[in-house]
Every structure is written in structure tokens, then in C-alpha cells.
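One structure is given below, encoded as C-alpha cells.
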Amino acid sequence: MNREEREGRRDSLVAEMLQKDQLESSGRARRLIASRVLKPESDDEFRVLVKHKMSVTAVALSEDDLRGFSSSKDGTILHWDVESGKHEKYVWPNEDVLVSHFAKPPKNSKFKRSKNVLALAVSSDGRYLATGGLDRHVHLWDTRTREHIQAFHGHRGPVSCLAFRQRTSQLFSGSFDRTIKLWNVEDRTHMENLFGHQSEVLTIDCLHKERLLTVGRDRTMRLWKVPEESQLVFRAPASSLECCCFINDSEFLSGSDDGSIELWNLLKKKPAHIIKNAHSLPSSPNEHLPKVSNECLPNGDHTGGSSTSVQSWVSSVAVCRGSDLAASGAANGVIRLWAIANDDDKFMKPLFAYSLIGFANSLSFSKSGRFLLAGVGQEPRLGRWGRVHGARNGVAVHSIRLSE
């Protein structure tokens, strides 16, 4: 095979991959994974991959699924190997270095800068890690050296959520100041502000297109069409939305504080399907859990802590990219897997429940759908209004067995 043939073959493979991604993101083609998920065995369970001292607030995977990133309330940022769990820590520079990287100094010099991290995101090329938290800045890190590169200032409230637009250098940040900002991490510039939410922005998600999905405490979910400078507003019937994610460019999921999960599409301003009490509290400690031996489970103590309605809030949702497999988490002791219907009947059906003690503050599927990561904490991501004493702060992983 000569050089021209090799280059032609490479170009055709790239074109085929781009076409496949476009079909999956548009919803015209969807990988059928949910029907292949096998029933978990008695010894299938979450195992703690990486430990944190305080509640984990966010987890993210690199594009190749080999590396993971996690953050916690004490400001710890870890970079780890998915197979072994071997991790390396990102070291925060001193205040003088942060200011030289364009961070604004604290208004009151008597107080130190808060290192509490609420959100993180990794770029598609794996070069950049973005973090945000209580100090109102978006911090940019080099994943190769684990060094701090830049601090983006401009938000007037805590940075609560972050998302890179896939395969670009565009980064979106949402804040308690009700705004969303667009940054270019290559040029280190601020590009645009998005206004519309009437209260704190809680969650953000983005795919290939210049479209953005957000949820705020104003009980709305908004789909932003950035080039057109327009937005579509969706309202849940009788609850406050807590989290959201894209299924594809025209369908998306949300989770609510009443324990419901909603399936949406662009054609309706109301949910196409609602699953009520998706994470209702069990009447007995082990009601939702698979039957296992009496040995201690590695992901936490099932009897610790008190049960409150806060524990049934759906705190995180995730979709395996380009597929019909979804997951949701709360603090009621289980992570649930769901199958998204592929026909005109817009609905979801439950698959299996995996036991996990603590607040599931963040979820992330591998691209293959063969494992699920959960960022777990004794406390919820954005507050301290609940506590599960038996939980182990850290990143937990659960393998998903698929039929061939």
C-alpha cells in the first residue's frame, strides 16, 4: 500500500467516524446497549477506586476512558488511572502565583481563598482540565504537567458547573450569579455571556453543536442555541429540577428534588415521560439492594445515617454517549440504570439497581458502556443540608456486564 492509498484510507476512516458521531448526536442512530446489560451477580457491586477526605463533587473521564479526574469539597483535585486507581494530585499554587495567572485576590485580605471545588471538566483532546468553585473563578490546568495555567475571573458567585463543547476549545461555565459564560481555553479569552436564568445555575451539559443545556433553581431547564442567541425554556410540572444531561441534540434527561426523572424532547415544553419516585426511600435498609452475603460492602455501611426526604432527590443523571443507556443517582442507597425507548413512544424503563451508599454527586459512563463511575460523598455537592454517615467519600466504579 503506497502513501496515497494509506492517506486515502485514513481520510475515509475519519469521515466515517465523523458521520457516525453526527448520526448519534442527532438521534438518528443510537447504539443499543441497554438490551445487552446483564443482570448483576450477587458479588457485583461498586468498589472504591479513589479515596477522598471530603465529599466528591465531580468526576470526569478522558476521551479514551483510561484516565479519570475527581474533585472534592476540601479542594483536592486528583488525576487517576481507571484500571489501577493509582492517582496523582494537582497542587494549588500560592496566592501570588494565582494572582499572576489573573486571579482576583480575596476582597477581605484576612480570609484565605476558598479551595472548595464544585465542578470540573476535561477537554476532548485531554490537554486541559477546568475546575470551578467557591472562589468564583474558573481555573485551567495542564493535564500533562498538572500545573495551574490560568484563572478566568468574571463570575460574581460560586462557579457551580462546567462543560467543554466536544472537540473544541470552548468552555462553558455556570454560576450562582445566574449567568453562563463562554471561554476559549486556547486563546485564554472570555467570549460571551448568556443571560436568562432567574436563580442559581446548577448543572450544564454540551455536545458537538453550539447548544447548551442548563438547569437552575428557578425551576427551569433551558436549551441555549448560542449562534442564534436564543433559548428554549422547559418547566417541570411540580418540582424543582436539580440536574440534566443530553441524550442527543433533540432529547434530554433531568432529575428533580421530588425523586422524579423526566424525559424531554424539543417538540414539547412538557416532559414526554416522567418516572415518579425513581429514588424513593426504602422502608427497610436493604429493600432496594441485591441479595448479598452479610460481609461488609466495600462502598459503605448500609445502616449508618438517618433517612430524610433529601436522600430521595435525584442529584445526578448520565447517559452513555450515543446510546439508549442512562443512569441516575440520589442518596437513597442505589444507582439505577434505565433503558431509553428507541421508537416513537417516548418512555424509559428500569433495568437494574446497584447498591451505593452516600450522595451520588456525579455520574459518568465509559464510552463503551462497560463501566460506570460515581462521585460519592457523605454530603450533597452544593450544600450541607443532608448527611449519610456510613458513606465513604471517593470515586466508586461498577463494571457493567454486556451480552455479545
Taking only the range 40-65 into account, find how many residues are in a loop (DSSP other than H, G, I, E, B) and either under 29 Å from Gln166 (Cβ atoms) or at pLDDT 95 or above (or both).
9
Regarding the range 246-254, can at least one residue be identified that is at pLDDT 50 or above, charged (D, E, K, R) and open to solvent by less than 30 Å² (accessible area, probe 1.4 Å)?
yes
Hey, can you tell me all the residues within the range 218-235 that are closer than 16 Å to Ser173 by Cα and either open to solvent by 50 Å² or more (accessible area, probe 1.4 Å) or among the acidic types (Asp, Glu) (or both)?
Lys225
By residue number, the members of the range 77-114 that are more than 23 Å from the chain's Cα centre (by Cα), of a type in the set (Gly, Ala, Ser) and open to solvent by 50 Å² or more (accessible area, probe 1.4 Å) are Ser100, Ser109
Could you list, in sequence order, all residues of the range 231-280 that are assigned to a strand (DSSP E or B), closer than 16 Å to Gly216 by Cα and among the charged types (D, E, K, R)?
Arg235, Glu242, Glu262
Residue that is surrounded by the fewest Cβ atoms within 10 Å (Cβ to Cβ), among those in the range 163-194 that are over 21 Å from the mean Cα position of the chain (by Cα) and of a type in the set (D, E, K, R):
Asp187
Considering only the range 351-404, state which residues are aromatic (Phe, Trp, Tyr), closer than 18 Å to Val319 by Cα and open to solvent by 40 Å² or more (accessible area, probe 1.4 Å).
Phe352
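Here's the yes/no breakdown for (1) assigned to a strand (DSSP E or B); (2) free of Cβ contacts under 8 Å to residues at least 12 places away in the same chain; (3) touching a strand residue (DSSP E or B) at 6+ places or on another chain (Cβ under 8 Å); (4) among the hydroxyl-bearing types (Ser, Thr, Tyr):
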position	(1), (2), (3), (4)
Gly196	no, no, yes, no
Thr203	yes, no, yes, yes
Lys209	no, no, no, no
Thr214	yes, no, yes, yes
Asp218	no, no, no, no
Trp224	yes, no, yes, no
Glu228	no, yes, no, no
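The values are calculated or read from the model by the stated rules, or taken from the named source; none is laboratory data. Bear in mind that the values here come from a model prediction, so they are computed numbers and not experimental data. As a convention, Cβ positions derive from the backbone with ideal geometry for all residues, glycine included, and neighbour counts pool all protein chains shown. Calculation scope for accessible area: heavy atoms of the full protein, side chains included, ligands and nucleic acids excluded. Shrake-Rupley method; radii C 1.70, N 1.55, O 1.52, S 1.80 Å.
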